[in-house]
Structures are given as C-alpha cells and as structure tokens.
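As structure tokens, the structure follows; a few thoughts come after it.
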Amino acid sequence: AAAAAAAAAGGVAPALAGGDTFNRMSGVLEPFTDVQKGFKLYKPVAWNQFEADPGVYDMKWVDLIEPFETVQVSTSPVSTATSISALGELDEVGAKFAKSRDAQLVSSKSRDADGSLAYTFELKGDAYHEYLLLTINRGKLYRLSTVASNKRWSKREEMYKNVVLSFVPKGF
C-alpha cells in the first residue's frame, strides 16, 4: 500500500525484476482510477477515452493523431485461479500469447502489483509492438495492452513501459 501511495503521489513504484521503475514522464501521464472495475493506472494525457465495448475492453485510450496507438484494459471473471501463476510459468505463458498473436516474445518479466503477481510481456509482430500485462485479483483476470506500430514503437516504448508499471488491480 505504501508503494501504491508513493506511485499515486508521483513517487517511485515497485521495480520490475529488470530494475525498471515508474516515472510520470513530466506530465505525459496522469492518474486514472476505475473503482467499479477495480483498477488504477497512469494514462496518457489528452488521448481519447472510450468506455466499455463488452467482451472487447473495459476502458481504452487512443492517440488523437495515431489511432493505432492504444492503451486498453479488459477484465474477465475467473472462478478458481487466484494468481496469474495458475496460467503457468512466466516464459511459458509469454510463449503462448506470442504464438496466439503471431508475434515474437521479446521479453517477459514479473512484479508484485500491490499484492497481486503480474506478468508483463513485450511482443513484436510483423506490423506492431505491444506490452501486455496480465494479473488476477478478486476473481478477475486483468489484461492491459499497449500497442504501437513497429515504426512508432521507439516513440511510445518509454511511455507504455510506465503505463504498465503503474497498473494496480485495485481501484481504491
């Protein structure tokens, strides 16, 4: 809770296994909390926000100029699993997602997201690059996806990394 409070105050959130730490990026990101869906994160400032397309996403942000660039959160109920580790080992889960997206698994990391184990994968397809975060909390599987074209990935990678690092599956 102290780490989440530090992150909410613009401080440093917990590090990923690779040593990455959260950064607000001088106002490029702003806090967002969805109490009803039960998550919080830092979202890109001034991006279009779309609420709930059932079965597709719960919340989505889209760049005004490059509509292919998105940050998307979706949830689905899980009845028995209480941790993302129930899906398998980190690299095994990453390989499955990469294969299902016809992409290459660039990296896989895990971290504690305020008491919930979170897996983060970097995937690269023929046309796109993505950070994908998966975690389970309170009977829900949370999926956070941040996507950009391969051509623009270098411009979005740092911001997306910080969005992913800020994600906590608790909306209070």
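The values are calculated or read from the model by the stated rules, or taken from the named source; none is laboratory data. The model shown is predicted, which means the values in this text are computed figures rather than measured ones. Note that each Cβ is placed from the backbone with ideal geometry, even for glycine, and that neighbours are counted across all protein chains shown. Side chains are part of the model used for accessible areas, which takes the heavy atoms of the whole protein and leaves out ligands, DNA and RNA. Shrake-Rupley method; radii C 1.70, N 1.55, O 1.52, S 1.80 Å.
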Legend entry - Accessible area per residue, Å², the chain with all protein chains present, probe 1.4 Å: 49 Å²
Legend entry - Among (1) -0.73; (2) -0.83; (3) -0.59, the entry derived from the coordinates for log10 I(q)/I(0) by the Debye sum over Cα atoms at q = 0.13 Å⁻¹: (3)
Legend entry - Filter on Lys96/Lys140; Lys37/Lys124; Lys43/Lys155; Lys99/Lys170; Lys96/Lys151 - keep pairs with C-alpha separation over 18 Å: Lys96/Lys140; Lys37/Lys124; Lys99/Lys170; Lys96/Lys151
Legend entry - Total charge dipole magnitude, segment 44-119, about the Cα centre, Cβ charges on Lys, Arg, Asp, Glu only, Debye to nearest 20: 200 debye
Legend entry - Amide H within-cut-off set for Gly38, under 5 Å, with H built and near neighbours excluded: Gly171
Inset, instruction - Round to a whole angstrom and tell me the spacing of the C-alpha centers of segment 120-138 and segment 42-64. - result: 16 Å
Inset, instruction - Would you grab the residues whose amide H sits under 5 Å from the one on Ser107? Only those 5+ places off in sequence or on another chain, please, with H modelled 1.01 Å from N. - result: Glu122
Legend entry - Under-5 Å amide H pairs with Asp63, H placed in peptide plane, nonlocal only: Glu69
Legend entry - Portion, in percent, of the accessible area of the chain that falls on carbon or sulfur, probe 1.4 Å: 52 percent
Inset, instruction - Using θ = phi - 60° and the Karplus relation 6.51 cos²θ - 1.76 cosθ + 1.60, list the HN-Hα couplings for segment 126-134 in order, rounded to whole Hz, with x at every Gly or Pro. - result: 5, 10, 9, 10, 8, 9, 10, 10, 10
